[in-house]
Structure formats: structure tokens, C-alpha cells
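Data block below; observations after.
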Amino acid sequence: MTTVVPERAGLLIGGDEVDAADGGSFPTYDPSTGEVIARVAAGGERDVDRAVRAAEAAFDAWWPATAPRERAALLYRAAALVRTRADELVELDERTAGLPTRMAAGDVETAARYLEYYAGIADKLHGETIPLGADFVDYTEREPWGVCAVIPPFNVPLQLTARSVAPALACGNAVVVKPAEQAPLPAIRLAQLIIEAGAPDGLINVVTGTGPQAGAALVAHPRVRHITFTGSLPTGQAIMRGAARQLTPVTLELGGKSPQIAFEDADLDALVAAVVATSLMTAGQVCSAGTRILAHREVAPELRGKLLDAVAQIKLGAAHDGPDMGPLISRVQQERVLEAIDAAREDGARVLSGGGIPGNAPAGYFVEPTVLGDVTAQMRVAREEIFGPVVAFMEFSDEAEAIGIANDSEFGLVSGIWTEQLSRAHRVARAVRTGQVFVNHYGAGGGIELPFGGYRKSGIGRAKGLAALDEYLQTKNVCVKIE
Ligand code: ADP
């Protein structure tokens, strides 16, 4: 079979593909089969240093000399190239990240849309004037940081790389990306396309490698001026500690334990479809997955029945065969998810569906879509992010109790509210402590335009929408005394 997956991939530094300074490499696996499909350069401190210096040189030359409309044009060309190469990128996502064809296609299209969306704002980033009276002219300018580090996770590798790289470049920064070691190839390909679109050498660099080596070296580098990290809470905490040494600002998009609140008048079919699509068919490997289903007692039995019926229809399979649901990313992740299900059983939860490795599964890293019942707020499964296809079913009696359970979490990323009552929808939307709220749907087709980020331990700062621009710019105030 011909494949777009290269046998080897190097680092991308200063526009060139190069080996790691010490010649090291690591394997990358097809999560659907468990087979090694490529070897990727394992970057370390010296490689990170080269990449950051290349980025800084590119920034120093590019930012002062380039009109904002040229940054816009670059990103529009990159978006067009992503669409032209969509088939190739879909296959990369299927084979290296285990995304079923439909999700892979969504990842590619969303990446193209991020590039376009931020292309559209690149020449509209204004400062303001501040009146100080007759003796002064005062204005602000919005300036890029310089070298931005981008550390995305493995789950939807194209869009989560583009989500940070596109606004960073639109604002005039240079970037060094450290892709997730489980699925680094899509991010490398995306960077190559941005270079093909005309990015000058060094404006975008990719250093592949492990988190503790390449990632930590990037975070600690004194010439990195901003860090965007998307991933787990413990790694976010480690990055914040690492960044503190240089006082490097961080944008952190971390985990969630997002509630889906079904009131007695909820459209149960729509809710079930949303849970199946976003929390289970994704193999639960999305931070916004609505993994706590809070059901009003009146509708709980009917909702549970509908959910179990829908879950029984989900077809698992190798990503490139176009199943409803693909594998988890790695053996490690598969084991973590199975342990979390065991912990839930120990805590007294009841497995209503799934709960293990599917009987007829291919050799890859599969876990059945799993619904847990009899879950209470204190159980680990109601509190800890699992990042697997596991939803916890809980019940409530009234609005106040629903809000109480929803907010009883150290996370605060997204809430889903399902009700036909307008006032209740707005009341509850105000009361839940999460950065995003969806009413009677979940996700808005990717929500590129919608500010996204966490309350509490779900993160710091915002991705997506115009709000993300604040993460990639700093404000300079110029105050002029006039005669
Ligand atoms: P997961 O547990 O799903 O692998 P992580 O949050 O640990 O998710 O990883 C997300 C990203 O953070 C990956 O690119 C990973 O390499 C990187 N990473 C992990 N540890 C560190 C670290 N100490 N410093 C910087 N980056 C890290």
C-alpha cells in the first residue's frame, strides 16, 4: 500500500529539515494497529536552542519589515494549501493519530479555517489613542512578543497546532512548535505547508521530541517570550513552574470534566447525539468532552435508555476504515483509561455499557465506549479527567442541585445546558463556572470564532476567536509631550 507517512522525519529549523544534534530518534506508532510506522528526530536542548535562535532571527527581520497585509496573505495561502493537500493530511491523521476518517477530515478543515480566520484579522489589529489634554499625544501600539513556543497535544494535531500558530503569526510573532511525541507528523506537515506558502526561513520551526526533553528545554529557553500549552493539568503545572524562572508568560488550555445538564424538558435525542459524537466517538480524547451527564430524576431513566441504545450502535475500527470511533492514542493511554474504569468500579459505580477492551478489536489501542451509572460527586470518575471514552451518569432533583454538582469540580472548561425554558437557560448559564456554555447543542462545529478557555484549573487565557489575539500581543503605550 502506498502511504503519505514518511519513514523518517527530521526537525524543521530555519527552513531546513535536519537531524537531532545527537542523532537520536524515536518511533511513532499507528494507534489502530500498534505498528511502528516512522522514526522521528528526538530533539534536545541544543536543537531547541538552534530553533529558538532561528525564530528570533526571522522575527527580527520579518516583523519590522512586513506590512500586516503580507502576514494575512501568507496565512490565506497556507489555508489554501492545507485544503489542496487535504487527502494527504487526512491520511496522516488517520495513520498517526488514529482519527477516524470523518474526524480527520474535520481536523484538516478546522486547521484551514484557523489559518483563514486569523489571516482576516492580521491587518486589523489597532491600538488606541488616549486623550490627556492639550499637552500630550498618547497612543498604544499592539506588538508581538517575538518567539512564541507552541506545545500542542496529540488528539487533533492539525487544528490544535493551527489554533495557536495562526494567531501567533497573524500578530507578527515567530514560532517554535514542539508537537506531541505520540503523533508529531501532522504538525510537521502543517509547518512545511506554511513554509511552502512563503513563510521566511525560521518564522516557523518544529522541534520534535519528548516533553521532558524537547518540551522542557523550550519552556526554559530565555529567548522564548511566550508559551502556549494545550494538554493535561499536571503538565500545565510543570510548564508554569518552568516558565517562572524566566517569567515567560503562559497561555494554558488544560483539562475538563464538563457537565451536560439535562433538565426535565430537555431534547433527549439531541443531547444523546451530542454526547455520542463529542464524548464517545472522539474516544473521549478531547478536553471539552462532556463527561458528566447530569440528568433530572424525571427524565433520567429515559435518557439512560436512549444513551445506551445509541452507544450500542457505535462501530469501532481502524481509523482508516472510517469507523464511528477509533483507537486511543497509545498503549499507555489505553491502560490509564482501563485503570480509571476499575477505580470507578471500586468506588461503587456500575458499568452500564462497555468497560473494557472490545472482544473483536484489532490489535491497536481500543477501549469500548463506556457509560457508568450510580456515580456520585465524590467518586474519582466524577472528579478526574480520564481522556477516554467514558461518561459518568448522575442525577439531580432541581436546578440548584444541578448547578451545585456542575460547579463541584476543580475544572471549569465547558458546560452543556439542555432545556426549553429561556429564563432557566440563561440563569444556569450565568451560574456555571466554566469558560464556555452551550445551550441545546454542544460544540458549534468547532467554534473557531468563540473564545475558549478554562475557569479554575482548566487553564489560563483564551484560545480561539478574537480573544486569543490578546495572548500573542503586548501593548506599548507611547506618550508624547507637545509644545
Ligand atoms: P498527555 O498526558 O496526553 O501526553 P501532556 O499534557 O503530558 O499530555 O502533553 C502534552 C504536550 O506537552 C506534549 O507535546 C508533551 O510532549 C508536552 N510535555 C510533556 N511534559 C512536558 C514538560 N515537562 N515540559 C514541556 N512540555 C511537556
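The values are calculated or read from the model by the stated rules, or taken from the named source; none is laboratory data. Small disclaimer: the values here were computed from a predicted structure and weren't measured. With ideal geometry, Cβ positions are generated from the backbone for all residues, glycine too; neighbour counts draw on all protein chains shown.
Quick rundown of the values:
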| item | result |
| --- | --- |
| Given (1) polar (S, T, N, Q); (2) modelled with pLDDT under 95; (3) in contact with a Ser or Thr (Cβ under 7 Å, 6 or more places away or on another chain), index of the condition residue 360 fails | (3) |
| Subset of region 303-341 (residues that are among the aliphatic types (A, V, I, L, M) and either modelled with pLDDT under 95 or away from the ligand (no atom under 16 Å from the Cβ) (or both)) | 303, 307, 308, 310, 311, 312, 314, 316, 318, 319, 325, 341 |
| Unmet requirement for residue 368, which otherwise passes all of (1) more than 19 Å from residue 259 (Cβ to Cβ); (2) of a type in the set (D, E, K, R); (3) part of a helix (DSSP H, G or I) | (3) |
| Region 306-328: number of residues that are part of a helix (DSSP H, G or I), within 23 Å of the chain's Cα centre (by Cα) and not small (Gly, Ala, Ser) | 1 |
| Residue match in region 104-119 (condition: assigned by TED's automatic domain parsing to the domain that holds residue 194, over 30 Å from residue 320 (Cα atoms) and without any contact (Cβ under 8 Å) to a residue 12 or more places away in the chain) | no |
| Top-ranked residue of region 1-23 - restricted to ones that are of a type in the set (Val, Ile, Thr) and modelled with pLDDT of 95 or more, ranked as surrounded by the fewest Cβ atoms within 10 Å (Cβ to Cβ) | 18 |
| Some residue of region 161-171 being surrounded by fewer than 24 Cβ atoms within 10 Å (Cβ to Cβ) and modelled with pLDDT of 95 or more | no |
| Matching residues in region 109-152 - criterion: being surrounded by fewer than 24 Cβ atoms within 10 Å (Cβ to Cβ), within 30 Å of residue 288 (Cβ to Cβ) and in contact with a strand residue (DSSP E or B) (Cβ under 9 Å, 6 or more places away or on another chain) | 125, 142, 144, 145 |
| Residue count for region 434-454, restricted to those that are out of contact with any strand residue (DSSP E or B) (no Cβ under 8 Å at 6 or more places or on another chain) and either within 30 Å of residue 129 (Cβ to Cβ) or surrounded by 17 or more Cβ atoms within 10 Å (Cβ to Cβ) (or both) | 4 |
| When residues of region 252-305 are limited to those that are among the polar types (S, T, N, Q) and outside any strand (DSSP E or B), the one nearest to residue 400 (Cα to Cα) | 258 |
| Every residue from region 163-199 that is more than 15 Å from the ligand (Cβ to nearest atom), within 17 Å of the chain's Cα centre (by Cα) and closer than 25 Å to residue 42 by Cβ | 168 |
| Residues of region 283-329 classified as crowded, with 23+ Cβ neighbours inside 10 Å and closer than 18 Å to residue 259 by Cα, total | 14 |
| Pair list, Cβ < 9 Å and 6+ apart or interchain, from region 276-291 residues that are in the same structural domain as residue 415 (by TED's automatic domain parsing) and more than 14 Å from residue 311 (Cβ to Cβ) to residues that are among the acidic types (Asp, Glu) and surrounded by 24 or more Cβ atoms within 10 Å (Cβ to Cβ) | 287/253 |
| From the options 146, 133, 202, 242, residue that is free of Cβ contacts under 8 Å to residues at least 60 places away in the same chain and away from the ligand (no atom under 15 Å from the Cβ) | 133 |
| Residue count for region 8-46, restricted to those that are charged (D, E, K, R) and either assigned by TED's automatic domain parsing to the domain that holds residue 335 or part of a strand (DSSP E or B) (or both) | 6 |
| Selection count where residues are outside any strand (DSSP E or B), near the ligand (Cβ under 9 Å from one of its atoms) and in contact (Cβ under 8 Å) with a residue 40 or more places away in the chain, scope region 225-239 | 5 |
| Residue selected from region 91-108 under the condition over 15 Å from the mean Cα position of the chain (by Cα) and charged (D, E, K, R), by the criterion surrounded by the fewest Cβ atoms within 10 Å (Cβ to Cβ) | 102 |
| Enumeration of residues in region 158-187 that are part of a helix (DSSP H, G or I) and touching a Ser or Thr at 6+ places or on another chain (Cβ under 7 Å) | 159, 160, 164, 185, 186, 187 |
| Flag for residue 52 being in contact with a helix residue (DSSP H, G or I) (Cβ under 6 Å, 6 or more places away or on another chain) and either in contact (Cβ under 8 Å) with a residue 60 or more places away in the chain or closer than 30 Å to residue 316 by Cα (or both) | no |
| Region 402-424, residues that are crowded, with 17+ Cβ neighbours inside 10 Å and of a type in the set (A, V, I, L, M) | 402, 403, 405, 406, 413, 414, 417 |
| Residue check, residue 213 assigned to a loop (DSSP other than H, G, I, E, B) and within 15 Å of the ligand (Cβ to nearest atom) | no |
| Tally, over region 462-483, of residues that are surrounded by fewer than 19 Cβ atoms within 10 Å (Cβ to Cβ) and assigned to a loop (DSSP other than H, G, I, E, B) | 3 |
